[in-house]
1. DSSP loop GluC sites (Glu not before Pro) in segment 27-61 with at most 12 other Cβ atoms within 10 Å of their Cβ, which ones?
2. Quick one: length gained pulling Lys37 to Glu186 fully straight, 0.36 nm per residue minus the C-alpha distance?
Amino acid sequence: MAKKGEVAIAAEKTGAGGRPSDYTLELAEAICELIIKGMSVRKIGDLEAMPCEDTIYTWLSKHSEFSEKYTEACQHRTNRYLEECVDLADTMPDGIMFIAGNGNLYTRDEVLQLNAQERAMAGLMPIGLSNELINKRKLQIDTRLKAAARMHPRRWGDKSTMALEGGDKPVAVNGEFKVILVRPKESSDE
């Protein structure tokens, strides 16, 4: 039987240790909370206190309760993305902006809340509303909308489809349908 110190050395040599690899309900719930806050499984797997991305996906396939919580967390994250789209559009500043020496942008109202010394220390320079800022906001909104459509295409996607399935039985359709038959044009080179 290996001694305690030998196990630690073996784990160190193989690169094992440090990250949780045993599934617990508490860890699964913590992962789902991070997903709701907008983190991806890849980013969660990069956190030192969390299992790696592969382990999370393995748990999803092995533990149905985690899989259900994960699906629900992803739906909440999608709703959060869509709310962020509205916030990004609604908080687009009007008129003059100020840029600080560190590159941060400030609205006129934010600058007026600073005293003269704070304004001088920040090195604020007035700028107009730039195309870069407008394009950045458009990109942020479009990215979130596309992510929402990919994550939940039935709810947020652009397409809507209808399938009639009846198997061996005819499908009952209520309503009227107008069928227009179009004859293809005959080619003139015959």
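Bear in mind these aren't lab numbers, they're just calculated from the coordinates by the rules spelled out. It should be emphasised that the depicted structure is a prediction, and the values quoted were computed from it without experimental measurement. Note that we place each Cβ from the backbone using ideal geometry, even for glycine, and neighbour counts take in every protein chain shown.
1. Working: sites: Glu29, Glu33, Glu48, Glu53; in loops: Glu48.
Answer by residue number: Glu48.
2. Details: separation 149, 0.36 × 149 = 53.64 nm, distance 6.04 nm.
Extra length from Lys37 to Glu186 when fully extended: 47.6 nm.
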